[in-house]
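Here is the structure we will look at.
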Amino acid sequence: METRTALVTGAAQGLGLEFAVALAGRGYRVAGIDLVPQPETAERVLDYVELIADVTDEEQIGAALERVIDQFGTLHVLVNNAGVHPESAFEDITPDEWRRVMRVNLEAPFLLTRAVLPYLKAAGWGRIVNIVSAAVLTAPPAMVAYVSSQAGLIGFTRSLAAALGPSGITVNAIAPPSMVRTVGAGRTVGAEGGFEHISAQQAIPRTHEPSDLVSTLLYVVDEGSGFVTGQTLNVAGGSAYL
Ligand SMILES: NC(=O)c1ccc[n+]([C@@H]2O[C@H](COP(=O)([O-])OP(=O)(O)OC[C@H]3O[C@@H](n4cnc5c(N)ncnc54)[C@H](O)[C@@H]3O)[C@@H](O)[C@H]2O)c1
């Protein structure tokens, strides 16, 4: 079998870093996109292709993808992981802030999917994985824009799965709990009472680590998972149920 190739967005830290390392460990050649340089990812992933680009910008996506294809010649897996998760009272969300959240969390996966699709189709095999959040189930009051964007991404996952199934491409979503221990979550966890407070509300009463999501990612991209599509896999430690 030819070596599979993967593109992970938001790969500088947190879940994206963990996903890039896990895919490389499984033998994938990996490229990562982020707004910032990704030294830790580059250190841990052999032959890592580091791309600095904004996933909401179509031109920057195009240029980044050109580099991926130059290096790999082909592409099989897209992990739409880059996201923003701001918290604020509903009355404080300005229209600009609402649009920013929608652009990064919902429009960017559309733009990236659109850009990579010709390569996945040419390969005759593809896996698209969207990282969403179990916050769509718990619906915290201070995350109205975020929850709306994530619910949209679940709808995108289902409908896109139907559209791309005939091309041999599966599309699935993975839903972590509302707080996984990452730098990004660390910035907002105070408002939720801290990681310990959140883990006490789960069936599995410990803090969720990025590594807790790896087996699910590897499962959905697996060769043998070709019949798993349009699903949202809830990996939330029993904090919320679909
Ligand atoms: N950490 C959690 O508690 C948690 C829980 C549920 C879902 N999620 C989802 O998982 C994903 C990753 O979360 P995380 O905690 O690792 O996030 P994080 O904030 O730690 O990292 C996100 C990365 O995405 C990058 N990024 C943001 N906007 C970008 C843009 N426009 N273009 C390119 N890169 C961009 C950032 O630079 C950063 O490196 C997000 O989509 C988030 O919504 C996270």
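Throughout, read-outs are computed from the coordinates displayed, never taken from laboratory work. Note that the structure is a prediction, hence the values are computed from the model and not measured. Quick reminder, even Gly has a Cβ in these numbers, built from the backbone with ideal geometry, and neighbours come from all protein chains shown.
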Say whether the condition of being within 18 Å of the chain's Cα centre (by Cα) and without any contact (Cβ under 8 Å) to a residue 40 or more places away in the chain is met by at least one residue in region 200-209.
-> yes
In region 33-44, what count of residues is obtained for those that are over 18 Å from the mean Cα position of the chain (by Cα), buried (at least 17 other Cβ atoms within 10 Å of the Cβ) and in contact (Cβ under 8 Å) with a residue 12 or more places away in the chain?
-> 0
Check Ser133, Ser148 and return the single one that is part of a helix (DSSP H, G or I), touching a Phe, Trp or Tyr at 6+ places or on another chain (Cβ under 9 Å) and within 14 Å of the ligand (Cβ to nearest atom).
-> Ser148
Looking at (1) basic (Lys, Arg); (2) within 13 Å of the ligand (Cβ to nearest atom); (3) touching a Leu at 6+ places or on another chain (Cβ under 9 Å), which is the one condition that is false for Arg100?
-> (3)
Go through (1) closer than 30 Å to Glu2 by Cβ; (2) in contact (Cβ under 8 Å) with a residue 60 or more places away in the chain; (3) more than 11 Å from the ligand (Cβ to nearest atom) one by one and return the number of the condition Ala173 breaks.
-> (3)
Among the residues of region 52-73, which ones are among the small types (Gly, Ala, Ser), surrounded by 14 or more Cβ atoms within 10 Å (Cβ to Cβ) and over 29 Å from Ser178 (Cα atoms)?
-> Ala64
Restrict the check to region 145-153 and report whether at least one residue is of a type in the set (A, V, I, L, M, F, W, C) and within 29 Å of Leu75 (Cα to Cα).
-> yes
Residue match in region 74-86 (condition: free of Cβ contacts under 8 Å to residues at least 60 places away in the same chain, over 22 Å from Leu35 (Cβ atoms) and surrounded by fewer than 20 Cβ atoms within 10 Å (Cβ to Cβ)) = no
Residue count, region 122-142, condition crowded, with 22+ Cβ neighbours inside 10 Å and under 19 Å from Thr170 (Cα atoms), comes to 7
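Every residue, every condition in (1) surrounded by fewer than 18 Cβ atoms within 10 Å (Cβ to Cβ); (2) among the hydroxyl-bearing types (Ser, Thr, Tyr); (3) under 19 Å from Val221 (Cα atoms), yes or no:
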| position | (1), (2), (3) |
| --- | --- |
| Asn105 | no, no, no |
| Val144 | yes, no, no |
| Phe156 | no, no, yes |
| Ala162 | yes, no, yes |
| Gly165 | yes, no, yes |
| Pro177 | no, no, no |
| Gly194 | yes, no, no |
For region 27-76, name all the residues that are within 13 Å of the ligand (Cβ to nearest atom), hydroxyl-bearing (Ser, Thr, Tyr) and touching a strand residue (DSSP E or B) at 6+ places or on another chain (Cβ under 8 Å).
-> Thr41
In region 1-18, what count of residues is obtained for those that are of a type outside the set (D, E, K, R) and near the ligand (Cβ under 9 Å from one of its atoms)?
-> 9
